[in-house]
Amino acid sequence: MAGDAAIVTCALTGVLTNPAVHNVPVTPEQMAAEATRAWEAGAVVMHLHYRNQTPGMGWAPTWEPAVVCEIVEAIREACPGVLINSSTGTVGNDISGPVGAIEASKPEIAAMNAGSLNYLKARSNGTWAWPPMLFDNPVDKIERFVKVMNESGIVPEWECFDTGIVRSVAMFKKVGLTQDPLHINFVMGVASGMAADPRLIPILKEYLPEGAHFQSTLIGRQEIWATHQATADHGGDVRTGLEDTFYLPNGDKVSSNGPLIEALVAVVREAGRRPATVDEARAAYGLA
């Protein structure tokens, strides 16, 4: 891929965001419509979570293969050539749900959580926003996911919530657990993980394995956009969407992915770069 091109990913919908409160897509038709808006704005990769299709249950996730395949097929039909990046995040040792979903739907890319994190958030009144939980991703769990991805021809995208997790990916490569091309995603803005701080981007780059591609997932409000700019300025790929934020750089709240991707493309162009084409993105992921 030409050095001035940045792969633009749209994260269409979140994990537990309630569609009765926020206008996030749930059904295959809604997901395809939002993918189309993002595609037309310049995104060539769609990162997907999948929601329960039972009326009134759209806030809940699902790994049901039939639902997953229906959503993926609707997006592929709406956006010919698009790259699908499937979530695989799950708590606990049982990975049969996400494994069944990716084996059935055959995404080009799948998120591969590269390490464990105490997933915490404290309220201003001194109480926990939710009961403290461990997002557990031990090496044996990672190995099982990677085996399935390799067997299905799916490229892992290594999600890293902290600096030590970024450094671990180099060790995974060293012991033969993964290979080039490496795609590493700095997940920033989770309260107990790396801050969405633009000063971290050049530091994190120093810990990347040689030749690795990197992307930033930035969770928060309008304050995240300075880190989007730092990512683009330092040669990274970029991602946003209703999973990550509802806010544009000027603080306006959105209810669709299209304006978020338009703003992200503007960030890429401000860095003197351009959005990658689908063919360039496929080549970068080793899929051409």
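The values are calculated or read from the model by the stated rules, or taken from the named source; none is laboratory data. This one's a predicted model, so the numbers in the text were calculated from it and none came from an experiment. Backbone-built Cβ (ideal geometry, glycine too); neighbour counts: all protein chains shown.
Quick notes on this structure:
- Number of residues in the range 3-20 that are within 17 Å of His213 (Cβ to Cβ), of a type outside the set (Asp, Glu) and in a loop (DSSP other than H, G, I, E, B) equals 2.
- Of the residues Gly241, Gly251, the single one that is free of Cβ contacts under 8 Å to residues at least 60 places away in the same chain, on the phi > 0 side of the Ramachandran plot and in contact with a helix residue (DSSP H, G or I) (Cβ under 8 Å, 6 or more places away or on another chain) is Gly251.
Conditions tested, residue by residue: (1) closer than 27 Å to Ala266 by Cβ; (2) out of contact with any helix residue (DSSP H, G or I) (no Cβ under 6 Å at 6 or more places or on another chain); (3) among the acidic types (Asp, Glu).
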| position | (1), (2), (3) |
| --- | --- |
| Val21 | no, yes, no |
| Glu34 | yes, no, yes |
| Trp39 | yes, yes, no |
| Met46 | yes, no, no |
| Ala60 | no, yes, no |
| Ala66 | no, yes, no |
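- Options Gly97, Gly92: the member that is at pLDDT 95 or above and surrounded by 12 or more Cβ atoms within 10 Å (Cβ to Cβ): Gly97
- Flag for Glu34 being surrounded by 15 or more Cβ atoms within 10 Å (Cβ to Cβ), acidic (Asp, Glu), in contact (Cβ under 8 Å) with a residue 12 or more places away in the chain and more than 25 Å from Phe145 (Cβ to Cβ): yes
- Top-ranked residue in the range 201-258 [being of a type in the set (S, T, N, Q) and part of a loop (DSSP other than H, G, I, E, B); ranked as surrounded by the fewest Cβ atoms within 10 Å (Cβ to Cβ)]: Asn250
- Considered as a group, the residues in the range 259-288 that are farther than 21 Å from Ile201 by Cα and not in a helix (DSSP H, G or I) include one that is farthest from the chain's Cα centre (by Cα), and that residue is Ala288.
- Criterion (within 26 Å of Leu287 (Cα to Cα) and β-branched (Val, Ile, Thr)) met by exactly one of Thr27, Thr13, Thr17: Thr13
- Qualifying residue in the range 270-286 (condition: of a type outside the set (A, V, I, L, M), within 30 Å of Val21 (Cβ to Cβ) and surrounded by fewer than 20 Cβ atoms within 10 Å (Cβ to Cβ)): no
- Residues of the range 144-166 that are over 24 Å from Leu204 (Cβ atoms) and touching a helix residue (DSSP H, G or I) at 6+ places or on another chain (Cβ under 9 Å): Arg144, Val148, Glu151, Ser152, Ile154.
- Number of the exception - Ala196 against (1) buried (at least 22 other Cβ atoms within 10 Å of the Cβ); (2) out of contact with any strand residue (DSSP E or B) (no Cβ under 9 Å at 6 or more places or on another chain); (3) small (Gly, Ala, Ser): (2)
- None of Asn18, Asn85 is on the phi < 0 side of the Ramachandran plot, among the polar types (S, T, N, Q) and in contact (Cβ under 8 Å) with a residue 60 or more places away in the chain except Asn85.
- One residue stands out in the range 142-163 among those that are of a type outside the set (Val, Ile, Thr) and part of a strand (DSSP E or B): the one that is farthest from Arg199 (Cα to Cα), namely Pro156.
- Which listed residue is within 21 Å of Ser216 (Cβ to Cβ), of a type outside the set (Ser, Thr, Tyr) and in contact (Cβ under 8 Å) with a residue 12 or more places away in the chain, from Ala104, Ala114, Ala60, Ala78: Ala114
- Residue count for the range 167-210, restricted to those that are polar (S, T, N, Q), out of contact with any helix residue (DSSP H, G or I) (no Cβ under 6 Å at 6 or more places or on another chain) and over 14 Å from Thr231 (Cβ atoms): 3.
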